[in-house]
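Let me begin by presenting the structure, written as structure tokens, before commenting on it.
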Amino acid sequence: MMTLAACAVLSMLVWLVLAAGHGMFWRTDTRLDAAATGAAGGPEPPGGWPAITVIVPARDEAEMLPHTLPALLGQDYPGRLRILLVDDSSDDGTGDVARVIGRAAGAGDRLTVVDGQPRPAGWAGKVWAMEQGVRAAGPDARWLLFTDADIAHGPHSVTRLVRHATGRGLDLTSLMAVLRTSNRWERLVIPAFVYFFAQLYPFRRANRPTARTAAAAGGCVLLRRAALERAGGIAAIRGAVIDDCSLAKAVKRGGGRIWLGLADRGPGGVRSVRPYPGLADLWKMISRSAYTQLRHSPVLLAGTVVGLVLTYLLPPAAAVIGLAGALAGGGDAAGAGTGGAGGTAALVAGIAGLATWAIMTATYVPMLRYYRQPVWTAVALPAIAALYTLMTVDSAVAHWRGRGAAWKGRAYSPSASSASSASAPTVGSDSATGT
């Protein structure tokens, strides 16, 4: 009971530091500037509206494109806008579907479908598609918008991003799209997914030029071409399975200013339309790169598991065991045989565990409100953390069995994904794992 009390107090101290001093990670108000709202009535960027080239890496996305591509083609952006969709060796007619949508929308030369070439050795699939998009854009494309094929943009999306980026002098501007929460498992797992991402990558800290933390959300990244070239181009992250955070880190290391925020909710925002029908789909999405994020290190894996247990699982256990022990007669009831000292330890464990559970619950409430979920479900955060712990361990087991990371029918060998993770942010003092 004394050990439990000590661990519970330690966990409480950790959470006090996290809640008060960890970049205010739990807040959900890092959004686009108010002046960036809408196309009409807002300020024009200095020098006018720059030409924007949208690059959409697409592999087997025929089902998603009817829900997303028309919105891109219908952007109200006042400047020149063209879209390059890179068909990354799809087997479902993705390129043909994109062309049909373009003709139906009267896109003309606003949409170009780039037939992807075979992936060279050492390149991750999506990153190679991004590189082909950059090449097709040509050297005169000063601004690039990378967006995924499952991301639906509101009509003012590009205009708002450009206003925000040019108004703040940013080189990389990224929005964490609103993810789907339509079924039970999505409602349980997705808000926690974004919460954990923000805890590992506090947005305010990532957005500070002097901080080492760098992060982006790959579904929506507006990038200044000059900053990309200073960072070494897409080739600098050629093997990255976690391409978004690797890109942000490369840009920031090259002296670029980056910004990451949450997309506004509502029909005018940026949202993902990709469904995750069951737990298995979400499990695959999270576990496919979890061990890569830990650089395939058993030491980092052990530290991560211990950290998750200490910060998320121990507090509710201490609250239940400690308070039950105190009510049952302290240490004697628990078999400690220490009389009053055992009872005091049990009470300390129970109170510290309960207080810590309350702190973590309070920090989760803003994310649940952002996703419009019942706030009372915040008490289940430890159980969700336990689920994420199992996903991380499963990712490591898959690596040890030689399966490596895999996505959309394309597998990356353990050696390849190990090499790619060298360029990705890793768990540490000022940077951590991403999605």
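The values are calculated or read from the model by the stated rules, or taken from the named source; none is laboratory data. Please read all numbers here as calculations on a predicted model, not as lab measurements. Quick reminder, even Gly has a Cβ in these numbers, built from the backbone with ideal geometry, and neighbours come from all protein chains shown. These area figures cover heavy atoms from the full protein model, side chains too; ligands, DNA and RNA do not enter into them. Shrake-Rupley method; radii C 1.70, N 1.55, O 1.52, S 1.80 Å.
With all protein chains in place and a 1.4 Å probe, the accessible surface of the stretch 59-146 carries 49 percent carbon and sulfur. Rolling a 1.4 Å probe across the protein heavy atoms gives the stretch 21-147 an accessible surface of 43 Å² per residue. Based on DSSP H segments of at least four residues, each scored -39500 (n - 2.57), the chain has a per-residue ellipticity at 222 nm of -15000 deg cm²/dmol.
Per residue, the stretch 212-347 exposes 38 Å² of solvent-accessible protein surface, assessed with a 1.4 angstrom probe and all protein chains in place. Taking R0 as 30 Å, what FRET efficiency do you get between Leu16 and Val305 from their Cβ-Cβ distance, rounded to the nearest 0.05? E between Leu16 and Val305, to the nearest 0.05, is 0.85.
Round to a whole number: what % of the accessible area of the stretch 273-329 belongs to carbon and sulfur, probe 1.4 Å?
It is 74 percent, rounded to a whole number.
The value given for the stretch 17-125 is a Kirkwood hydrodynamic radius of 16.9 Å, derived from the mean inverse Cα-Cα separation. Sorted on the mean count of surrounding Cβ atoms within 10 Å across their residues, most packed first, peptides 348-356, 368-376, 132-140 read 348-356, 132-140, 368-376. The chain gives an Rg/Rh value of 1.02, both radii derived from C-alpha positions and Rh following Kirkwood. Relative to the dominant Cα principal axis of the chain, helix 125-137 is inclined by about 30°.
For the pair Leu327 and Ala380, label points projected 7 Å from Cα toward Cβ lie 2.4 nm apart. For the chain, the longest principal axis of the alpha carbon atoms and the long axis of helix 340-370 meet at an angle near 20°. Axis angle, to the nearest 10 degrees, between helix 2-21 and the longest C-alpha principal axis of the chain: 30 degrees.
Each DSSP beta bridge with both residues in the stretch 146-280 is either parallel or antiparallel, and the antiparallel ones are about 55%.
Calculate the length of the line joining the C-alpha centroid of the stretch 62-106 to that of the stretch 147-224, in whole Å. If you average the Cα positions of each part, the centres end up 21 Å apart.
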